[in-house]
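**Q** Structure below; questions to follow.
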Amino acid sequence: MKFEKRNGVVGRDVAVCCKMREFSVWKLLFGQAGAIGRPTDLILLGLILLIFFPVTVEAQNKSINRYIGLNACKSCHPAQHENYQKYARKSRSFKSVEKMKKGLTPDEINGCYHCHTTGHGQPGGFVSIEQTPDLKNAGCEVCHGPGMHHAEDGDPDLIVREVTLDICKRCHTEDRVQSFRYKPVIYAGSH
């Protein structure tokens, strides 16, 4: 087989590929000017890429660390789960939203979800009481981050282990501390 250079490509495959020069994808990829051809060439190239390099929605979703709810934590962390349910006020945080929503607009209620639910506005986070009931309160993942990868793998490096006041301050801002008369407490009875 003869090795030769054609349109910047060198190697034994050139001889085989050169027979395909009449094929529009070949022209699209290695045309004389190197410019993109007709719109149909783009569509054909897109289809070829999808066939040879499929990226499924499932694969994309798998790479995103999602919220899974505090009950998923229970099997490996039973003592922490029990203490959280007994002593942490945030384990019942959605009740505050339910009490207050009578005088609030839907947008104002939606604003409450950031701190009173788990992962609102994030991939796999709280959407509504009907769609994501396991995320309706501020659970473990509010402080420790989304837990899907950690739960699947068991690797402690896949979850936030050192909770700091900076994490608390996402919700416990100075304005909220004054308005609602509460202060951030590391662990807040949950560990």
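The values are calculated or read from the model by the stated rules, or taken from the named source; none is laboratory data. Not measured: the values here are computed from a predicted model. Heads up, the Cβs are rebuilt from the backbone with ideal geometry, glycines too, and the neighbour counts pull from every protein chain shown.
**Q** Could you please find all residues in the stretch 70-100 being under 26 Å from the mean Cα position of the chain (by Cα) and of a type in the set (Phe, Trp, Tyr)?
**A** Within the stretch 70-100, 84, 94 qualify.
**Q** Any residue in the stretch 133-140 that is out of contact with any Ser or Thr (no Cβ under 8 Å at 6 or more places or on another chain), free of Cβ contacts under 8 Å to residues at least 60 places away in the same chain, farther than 14 Å from residue 69 by Cβ and surrounded by fewer than 20 Cβ atoms within 10 Å (Cβ to Cβ)?
**A** no
**Q** Can you tell me how many residues in the stretch 152-170 are under 23 Å from residue 86 (Cα atoms) and part of a helix (DSSP H, G or I)?
**A** 3
**Q** Condition first: assigned to a loop (DSSP other than H, G, I, E, B) and farther than 22 Å from residue 98 by Cβ. Now tell me which residues in the stretch 137-151 satisfy that.
**A** Of everything in the stretch 137-151, those that are assigned to a loop (DSSP other than H, G, I, E, B) and farther than 22 Å from residue 98 by Cβ turn out to be 145, 146, 147.
**Q** Can you find a residue in the stretch 92-102 that is under 27 Å from residue 165 (Cβ atoms), buried (at least 17 other Cβ atoms within 10 Å of the Cβ), in contact with a Leu (Cβ under 6 Å, 6 or more places away or on another chain) and not aliphatic (A, V, I, L, M)?
**A** No; the residues of the stretch 92-102 include none that is under 27 Å from residue 165 (Cβ atoms), buried (at least 17 other Cβ atoms within 10 Å of the Cβ), in contact with a Leu (Cβ under 6 Å, 6 or more places away or on another chain) and not aliphatic (A, V, I, L, M).
**Q** Next question, about the same structure. Has the stretch 122-131 got at least one residue that is buried (at least 20 other Cβ atoms within 10 Å of the Cβ) and under 26 Å from residue 177 (Cα atoms)?
**A** Yes; the residues of the stretch 122-131 include at least one that is buried (at least 20 other Cβ atoms within 10 Å of the Cβ) and under 26 Å from residue 177 (Cα atoms).
**Q** Can you give me the number of residues within the stretch 100-136 that are at pLDDT 90 or above and either touching a Cys at 6+ places or on another chain (Cβ under 6 Å) or not in a loop (DSSP other than H, G, I, E, B) (or both)?
**A** Final tally of qualifying residues: 14.
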